[in-house]
Amino acid sequence: MTSTLDVRQISVEYLSQGQPSPILHDVSCTLPQAQRTAVIGESGRGKSTFAFAITGLLHRSPSIRVTGESLFQRQNLLALDVDSLRGLRRKEIRYVFQEPSESFNPLLRLGTSIRASLCDGWDTERICSLLERVGLAEPLRVLRSYPHELSIGMLQRAAIAVAVAPEPSLLIADEPTSALDEPLKWQILDLLEDLRSSMQCTSLVVSHDPMLLNESVDQVIVFFAGRIVEINPNRPLRAEALHPYTRMLAGVDARSRLHPPAPVGCAFHPRCPLAKDRCRTELPDLEQTSNGTWVRCFYWKSTTSGS
């Protein structure tokens, strides 16, 4: 299967007073072309760091060390210069961020901000058509409004409109529903999928919300403690989850989510119902199963046998 992005052994460390604090550990995966991938996990488990690291948004900071490769259109994004990356982000790789209110200057009308974000050739009629495409029924009023005069849902739709305007090859949405109430969450997720499908682009949706585990996506990547613990393709994850942590998120084995990751062995072992002595000292590899799922667990077969 053709991929849009090949991630190879990406690791990220934050540096504080010269001391490294590891955030991601040798992460490898692929984003299949024209498909939808969801990245799931609790807050603070490395999901957003992953989304930003793989597109070169982190590696130029002096306080962050990023290693590995992220191949997009046969180019390693981590080896490109600033101008080349900026060119890719202008058209090929676009983002929808967590807080829609931060996507626009609060002192400017939305029309001014949107025009500044788009390339030349976007007249008012074309921008209005773009806003209508994302479900904003009164585009002229939206363009005349300041951000505080619009609802959070309307601002997120406007931010999505700016992101998809150049019809990118890769659309990354980092926690796009976290600021929204429940009905709006589904509307925004449906909108993102409708746009992805019509553009035939690849999308990566990052979320801590386990409801995405039951969404119809092409691939789910589950993070815990900066590592991928499961990659599950083409099946409803609630029914097919293999890793104990994924099953907990899906509500199959609901448990407390307050315990920190273990520093040695499998990071999930303090909360895992399957944990044995070796889990406390050894780190399992990411193993591919016969049905195409990847899982990082010594005893994942117990989740399928019911034992």
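Miscellaneous remarks
- Single residue of region 258-288 satisfying the filter (outside any loop (DSSP other than H, G, I, E, B) and touching a residue at least 12 places away in the same chain (Cβ under 8 Å)) that is nearest to the chain's Cα centre (by Cα): E287
- Those residues of region 57-81 which are modelled with pLDDT under 90 and either touching a helix residue (DSSP H, G or I) at 6+ places or on another chain (Cβ under 6 Å) or assigned to a helix (DSSP H, G or I) (or both), in sequence order: L58, H59
- The lone exception for D181 - which of (1) out of contact with any Lys or Arg (no Cβ under 9 Å at 6 or more places or on another chain); (2) within 16 Å of S101 (Cβ to Cβ); (3) surrounded by fewer than 20 Cβ atoms within 10 Å (Cβ to Cβ); (4) at pLDDT 95 or above it fails: (4)
- Across region 3-46, the number of residues qualifying as at pLDDT 90 or above and not in a strand (DSSP E or B) comes to 3.
- Looking across region 47-67, the residues that are over 14 Å from L171 (Cα atoms), in contact with a Leu (Cβ under 7 Å, 6 or more places away or on another chain) and not polar (S, T, N, Q) come down to F50, A53, G56, H59, I64, R65, V66.
- The set of residues in region 61-107 being surrounded by 14 or more Cβ atoms within 10 Å (Cβ to Cβ), hydrophobic (A, V, I, L, M, F, W, C) and over 30 Å from Q19 (Cα atoms) consists of F72, L88, I93, V96, F104.
- Count of region 111-169 residues which are over 30 Å from L5 (Cβ atoms), in contact (Cβ under 8 Å) with a residue 40 or more places away in the chain and buried (at least 19 other Cβ atoms within 10 Å of the Cβ): 2
The values are calculated or read from the model by the stated rules, or taken from the named source; none is laboratory data. Source: prediction; values computed, not measured. Cβ sites come from the backbone with ideal geometry, for glycine too, and all protein chains shown count toward neighbours.
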